[in-house]
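Beneath this line is the structure, given in structure tokens, with notes to follow.
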Amino acid sequence: MIKKKINEYITVINTKSGSLPFYRLDIWLYIVDGVLIDAGSNNILNKIKFPLQQEKIDCAAITHIHEDHTGAAAWIKNNLKIPVYVAVNSIDEAATKTNLPFYRKVVWGNREAFVANPMPSRIETKNFSLDVIAAPGHHKDHVVFYEKSNGWLFSGDVYVSRKQKVALTDENIGDAIKTLNRLVQLDIGKIFCAHTGIHIGGKEKLQSKLDFFLNIQNQVNTLKKEGLALKEIDKRLFPKKNLWTICSGGEWSSLNLVRTI
Ligand SMILES: [Zn+2]
């Protein structure tokens, strides 16, 4: 686990989540002037308790309810005794412990139930102001946090990488395109991603993800007009099956991407 201060106001915690050594994924947490952005997975909880206790944290702000962003939420609420903000529509889901499929349990672990606080429209810190922006697509109630004066975007799972070839069953790539279209209008310098760390040239990177999706959307529409079924389009555009698709039994697949774009 790495914990470092990248400037006077931002501390970064980076570690890997997963109980099998060959099957792990990165998690990045950010503490911005007292605001913890996202709460990692339950599988990293024991590693991050002490580092979190060492920091001055006034609240936690969760980009979306998925288990790799809320794993420490119950512990934070009960031990640090601070508000844990989630989108209003996800408060009920937060109140129930997750019951994950095996492949997600191995990597992230089940999240405990917690009493969430309703997400405000803006989070003010001593030095900054984080605008809460609705960013549906990866999840219907996903939000991002935008610090306008510095051009920082705390993006949760909205960016991750330029190219995305699989989507979860409840993702909606059509919505993701609309979200990216709005975000590229902003002056975003740095992206703080929950899985791939800090990216400079944020605006250009979001644009290139948007272009990637628009290109697929075009191809899907053309093949639809030719009369191909979604499964055939999927095979044509994504001939290689991704490891995640196999492990997840199709819950995470290119077909979901094709279906919702
Ligand atoms: Zn997610």
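So that you can scan it fast, the table gives a plain yes or no per residue for (1) within 15 Å of the ligand (Cβ to nearest atom); (2) touching an Asp or Glu at 6+ places or on another chain (Cβ under 9 Å); (3) on the phi > 0 side of the Ramachandran plot; (4) free of Cβ contacts under 8 Å to residues at least 40 places away in the same chain:
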| position | (1), (2), (3), (4) |
| --- | --- |
| Lys16 | no, yes, no, yes |
| Ser19 | no, no, no, no |
| Ile27 | yes, yes, no, no |
| Ala39 | yes, no, no, no |
| Asn42 | yes, yes, no, no |
| Pro51 | no, no, no, no |
| Ile57 | no, no, no, yes |
| Ile62 | yes, yes, no, no |
Task: Residue list for the stretch 136-153, filter: within 16 Å of the ligand (Cβ to nearest atom) and outside any strand (DSSP E or B) - done: Pro136, Gly137, His138, His139, Lys140, Asp141, His142
Open item on the list: Name the residue that is surrounded by the fewest Cβ atoms within 10 Å (Cβ to Cβ), counting only residues in the stretch 199-251 that are basic (Lys, Arg), touching a residue at least 12 places away in the same chain (Cβ under 8 Å) and more than 27 Å from Arg24 (Cα to Cα).
Closed with: Lys231
- [ ] Sort out for me the helices (runs of 4 or more DSSP H) sitting completely within the stretch 154-253 that have 3 or more residues that are within 16 Å of the ligand (Cβ to nearest atom).
- [x] 173-183
Task: From Ser208, Ser248, Ser253, residue being hydroxyl-bearing (Ser, Thr, Tyr), within 20 Å of the chain's Cα centre (by Cα), within 29 Å of Leu153 (Cα to Cα) and at pLDDT below 95 - done: Ser253
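In this structure, is Tyr30 over 18 Å from Val158 (Cβ atoms) and either modelled with pLDDT of 95 or more or in contact with a Cys (Cβ under 8 Å, 6 or more places away or on another chain) (or both)?
Numbers: over 18 Å from Val158 (Cβ atoms): no; either modelled with pLDDT of 95 or more or in contact with a Cys (Cβ under 8 Å, 6 or more places away or on another chain) (or both): yes.
No; evaluated as a whole, the condition is false for this residue.
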Open item on the list: Looking at the structure I just gave you, is Ala74 among the hydrophobic types (A, V, I, L, M, F, W, C) and surrounded by fewer than 23 Cβ atoms within 10 Å (Cβ to Cβ)?
Closed with: yes
Open item on the list: Return the residues of the stretch 149-166 that are surrounded by fewer than 23 Cβ atoms within 10 Å (Cβ to Cβ), in contact (Cβ under 8 Å) with a residue 40 or more places away in the chain and small (Gly, Ala, Ser); say none if nothing qualifies.
Closed with: Gly151, Ser161
Task: Unique match (being surrounded by fewer than 23 Cβ atoms within 10 Å (Cβ to Cβ), modelled with pLDDT of 95 or more, more than 16 Å from the ligand (Cβ to nearest atom) and under 24 Å from Phe213 (Cα atoms)) among Ile91, Ile133, Ile82 - done: Ile133
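The values are calculated or read from the model by the stated rules, or taken from the named source; none is laboratory data. What you are looking at is a predicted structure, and each value in this text was computed from that prediction instead of being measured. With ideal geometry, Cβ positions are generated from the backbone for all residues, glycine too; neighbour counts draw on all protein chains shown.
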